[in-house]
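Below you'll find the structure, written out as structure tokens, and then a few comments.
The values are calculated or read from the model by the stated rules, or taken from the named source; none is laboratory data. Treat the numbers as computed from the prediction; the structure is a model and nothing was measured. Every residue, glycine among them, receives a Cβ derived from its backbone with ideal geometry; neighbour counts consider all protein chains shown. Each accessible area value is taken on the protein alone, full model and side chains, heavy atoms only, with ligands, DNA and RNA left out. Shrake-Rupley method; radii C 1.70, N 1.55, O 1.52, S 1.80 Å.
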Amino acid sequence: MTQPTWEYKGRLITEISDMPEGTFGFIYKITHIPSNKKYIGKKVLYNNRKKPLTKAEIAEQTGPGRKPTHKIVTTESDWKKYWGSNKEFQKIVKIYPSTEFSKEIIEFAPGKKLLTYYECKYLFALGVLEDPDMYFNDNILGKFYTKDFLVGDKK
């Protein structure tokens, strides 16, 4: 299965170097072309994780005070092959061929806070929770849910 590449304003994005300098992450839209149903999300370009120091690295440390036992390691995320975090959408992606999907970058963000802001901005502006027939998204920030928009007072 070939992975569709990301597209931004008609340009293919296949490497981090294709993005503006200083990009922390991006807001994206993945569309299932036959149904025109969409998923909006955010993706960071790098992941940080704690890695234990080796005995040799710990022994090399000098100076007063407590010695660190871990270091932070930064690695490139899986952004090239990412399909979103929504469980229903992930099932759809596994059922249909990748040629039935388009992957579009909507906006680049220079930092974590702006990335979250832009994601919320688009999710609210597009009314993703109010139109479950057009969007796979079922919540915003884990605080607002599609079920909150049920017709009538069935809550």
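Results, tabulated for the structure shown:
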read-out	value
Quarter of Cα convex hull surface for the stretch 31-104, i.e. mean projection, nm²	7.6
Per-selection metrics, the stretch 65-127 (Cα): Rg and Dmax in Å	17.3, 58
Percent of C-alpha pairs per 10 Å bin, the chain, short to long	9, 32, 28, 15, 10, 4, 1
Carbon/sulfur fraction of accessible area - the chain, other protein chains in place, 1.4 Å, %	54
Virtual spin-label span in nm between E100 and K112, 7 Å along Cα→Cβ	3.7
Å² per residue, accessible surface of the chain at 1.4 Å	66
